[in-house]
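Shown next, in structure tokens, is the structure this report addresses.
Just so it is clear, none of the values below were taken in a lab; they were calculated from the coordinates. Predicted model only: the values in this text are computed from it and were never measured. With ideal geometry, Cβ positions are generated from the backbone for all residues, glycine too; neighbour counts draw on all protein chains shown.
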Amino acid sequence: MVILSGCTNKGTNEPLSKDGFMLGTFVKIKLYDSKNEEILDKAFERLREIENRMSLNIVDSDLSKINNSAGIKPVEVHEDVYYVIKKAKEFAEISSGAFDPTIEPIVKLWGIGTANERVPSEEEINNKLKKIDYNKVQLLEGNRVFLEESGMGLDLGGIAKGYGADEVQKILIENGVKSAIIDLGGNVFGLGSRLSGEPWKIAIQNPFSDNRGSHIGTLAIHDMSVVTSGDYERYFEEEGVKYHHIIDSKTGYPANNNVSGITVLSRYSIDGDALSTAFYVLGVSDGLALAEEIEGIEVVYITKDKKLYLSSGIINVFENTNEEFEISIP
Ligand code: FAD
Ligand code: MG
């Protein structure tokens, strides 16, 4: 299901932009210093390739093949897929499994965002939890991937959009673009800077407002990825309880902590994407500690009591623009 609206604003001073629905999200790419529509077409083709290889909704994607062969045999996959799984395993290790790409059986059980969303029984959850273990993902020579046990499954929903943003960035740079915004749902990449030379200002959405235009603050960046994960976009409610799509791989339930949203600043969007999911699960205290350990990663946590917790290096680029939110020290 892809709706492409075509390119807009050719021949004006407005950016050349194209949008469409891909990787399960609304994608928009804006070029500020080029009127070459072919570059945008190439970028969208690349995203389509990534989707075709990594989607679980496509029966013959490499990822579906890996999952269907779990416990049976290794599957040879495209190098894109092999690379993203390798990175996913690295982030699982770095985060001690807070980010775990083998979360698929639990994600499927909850079905959040699908027609089958429901609260599973504890027994169902405990059975599926036995299948979650990134150490049982074997990366073999010849781009082959093997899941050691039947019933295991990979889900790259927490990392593949970041990879997509990085790949689009590469294509834009190869084609001489120096000023662009790549927006894949919660993943935004500010390529270069504004035409004036000033940094991009990327707004962080207010998780407590239904109005998408309401912000808590801005990040002034150039050549950086800004990824946000939150509990306020994909969830359902039952008997007054909110069930969102970021799963604590230790419990099998949606991560239940004081975090409402987490924004990660990084050079590469694949890092920011995986880490945003990990930091959400880890919560403020462990997440901030991990962020300080990893070079080049900065974060803004928004908690349910409307406090902001920042990593040390973000002070220079973050501006709090909403007085409802208070910068706090953990
Ligand atoms: P993130 O926090 O970045 O990721 C959350 C997602 O990661 C969850 O939805 C789950 O998939 C997974 N996850 C949950 N907990 C963990 C954990 N502890 N560790 C690791 N991963 C975890 N959506 C559709 O509705 N229809 C589609 O056809 C569709 N196709 C897609 C195809 C591809 C290739 C990809 C990558 C995604 C697709 N999606 C689709 C998913 C959709 O885009 C998701 O909303 C998105 O991947 C979640 O990203 P996020 O930024 O909202 O949250
Ligand atoms: Mg993520």
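Observations on the structure shown:
- Sequentially through segment 109-125, phi angles give Karplus couplings (6.51, -1.76, 1.60; θ = phi - 60°) of 4, 6, x, 5, x, 10, 5, 9, 5, 6, 8, x, 6, 4, 5, 4, 5 Hz, Gly and Pro residues having no value and appearing as x.
- Summed residue charge, Cβ within 12 Å of Asn256's Cβ, Lys/Arg positive, Asp/Glu negative: +1
- Distance from the C-alpha centroid of segment 238-265 to that of segment 119-140: 17 Å, rounded to the whole angstrom.
- Cβ-Cβ FRET estimate between Lys201 and Thr251, R0 fixed at 22 Å, reported to 0.05: 0.05
- In segment 219-330, Cα pairs under 8 Å separated by at least six residues give a relative contact order of 25 percent.
- About its Cα centre, the chain has a charge dipole of approximately 500 debye under the convention of +1 per Lys or Arg Cβ and -1 per Asp or Glu Cβ, with nothing else charged.
- GNM top mover of Thr228, Thr251, Thr114 - the chain, alpha-carbon springs below 10 Å: Thr114
- GNM result for the chain, Cα springs below 10 Å: residue of Val284, Val59, Val300 fluctuating most strongly: Val59
- Under the combined filter of DSSP loop state and at most 12 neighbouring Cβ atoms within 10 Å, segment 172-238 retains these trypsin sites (Lys or Arg not before Pro): Arg212.
- Point-charge dipole on Cβ atoms (K/R +1, D/E -1) for segment 70-213, about Cα centre, debye to 20: 300 debye
- Cα extents of segment 185-330 along the three principal axes, largest first (Å): 51, 33, 29
- Spatial separation of Cα centroids for segment 60-97 and segment 149-228, in angstrom: 24 Å
- A straight chain from Glu238 to Asp60 at 0.36 nm per residue would run longer than the Cα-Cα distance by 60.7 nm.
- The modelled label-to-label distance for the pair Glu49/Ser121, using points 7 Å beyond Cα in the direction of Cβ, is 4.7 nm.
- Remark on the chain: hydrodynamic radius 20.4 angstrom, per the Kirkwood mean of 1/r across alpha carbon pairs.
- Cβ-defined net charge surrounding Pro74, 11 Å radius [Lys, Arg +1; Asp, Glu -1]: 0
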